[in-house]
Amino acid sequence: MNTPSDLALPPLTLHEICEEDALDVLEFESSNSTFFEKWVPARGPEHFEEESLKQVIRDLMADPDRFYLMRSEAGELVGRINLRKLGSEPLDTAELGYRVGEKHLGKGYAKAAVVAVADLVRAQGDLTELEAFAADNNPASSNVLRACGFRWDKDGTKTVHLNGNPLTLHRFTLTL
Ligand SMILES: CC(C)(COP(=O)(O)OP(=O)(O)OC[C@H]1O[C@@H](n2cnc3c(N)ncnc32)[C@H](O)[C@@H]1OP(=O)(O)O)[C@@H](O)C(=O)NCCC(=O)NCCS
């Protein structure tokens with residue numbers, strides 16, 4: 001199934017991260033770190049100091065994967081969305097990951113970003129499928145994926161550890 005076109009979504013701009021974004025990213029990651037660490041692995045200390053963060057950003061820019069910032073209509077950094085596993089087997093699949101700042105939750109930004117990235121990769125034509133993993137205790141994330149046309153792959157469940165506890169991740173896929 002392709003991405004639905006009837007979702008009511010907020011205006012959103014996506015752009016690839018670059019060094020000029022360092023201060024915005026620093027504030028975004030610092031002010032949301034406690035929230036994000038409940039759901040995804042903690043960032044290393046290099047993400048919380050301007051000069052080391054600039055090096056992190058340069059490394060991301062040189063990476064074959066793609067790292068986008070989500071900005072509101074007013075230009076505020078509201079979230080991040082990534083495409084990983086680009087250039088690795090299977091070559092026609094990439095993995096989507098995303099995070100939205102706590103004060104911007106529930107406004108549709110994650111859905112808008114997933115739809116925008118799916119449209120972008122569909123237009124580029126290199127990929128036939130996107131995959132994403134949502135933890136079984138994270139209904140917001142699986143809701144985002146389902147709303148954007150992803151389907152649960154019942155054979156794709158895996159267990160990881162987060163903060164010392166086992167966490168079940170469900171695989172979702174979108175056919176482009
Ligand atoms: C998951 C996350 C990206 C969602 O961002 P968001 O911008 O709030 O998402 P949206 O507003 O586009 O959509 C969220 C949907 O989940 C629903 N939702 C939110 N919290 C929920 C909950 N506790 N239970 C059930 N549904 C929930 C919302 O109602 C909405 O669905 P709806 O529009 O059908 O009502 C955000 O919570 C986040 O960054 N979490 C921390 C990082 C993370 O978990 N990343 C994903 C890793 S798999």
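The values are calculated or read from the model by the stated rules, or taken from the named source; none is laboratory data. Source: prediction; values computed, not measured. These area figures cover heavy atoms from the full protein model, side chains too; ligands, DNA and RNA do not enter into them. Shrake-Rupley method; radii C 1.70, N 1.55, O 1.52, S 1.80 Å.
Taking a probe of 1.4 Å, how large is the accessible area per residue of the chain, in Å²? Walk me through the numbers before you get to the answer.
Details: 9340 Å² over 176 residues.
Each residue of the chain exposes 53 Å² on average to a 1.4 Å probe.
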Exercise. What is the Cα centroid distance between the range 1-51 and the range 65-143, reported in whole angstrom?
Worked result: 10
Exercise. In deg cm²/dmol, rounded to 500, what helix-only [θ] at 222 nm does the chain give when every DSSP H run of at least 4 residues adds -39500 (n - 2.57) and the total is split over its residues?
Worked result: -10000 deg cm²/dmol
Problem set entry | Extension gain (nm, one decimal) between L162 and E16, 0.36 nm per residue minus Cα-Cα | 49.8 nm
Seminar exercise, completed: Ignoring ligands and nucleic acids, H47 exposes an accessible area, probe 1.4 Å, in Å² to the nearest 10, of 20
For this session: Decide, for the chain, between rounded, prolate and oblate: order the square roots of the alpha carbon gyration tensor eigenvalues as a ≥ b ≥ c, take rounded if a/c falls under 1.5, and otherwise choose prolate if a/b is larger than b/c, else oblate.
Result: rounded
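Need one word for the range 102-176: rounded, prolate or oblate. Basis is the Cα gyration tensor (sqrt eigenvalues a ≥ b ≥ c); a/c below 1.5 gives rounded, then a/b vs b/c decides.
In terms of gyration-tensor shape, oblate.
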Exercise. If ligands, DNA and RNA are left out, what is the accessible area of E27 with a 1.4 Å probe, given in Å² to the nearest 10?
Worked result: 110
Exercise. Roughly to the nearest percent, how much of the accessible area of the range 75-176 is carbon and sulfur, given a 1.4 Å probe?
Worked result: 48
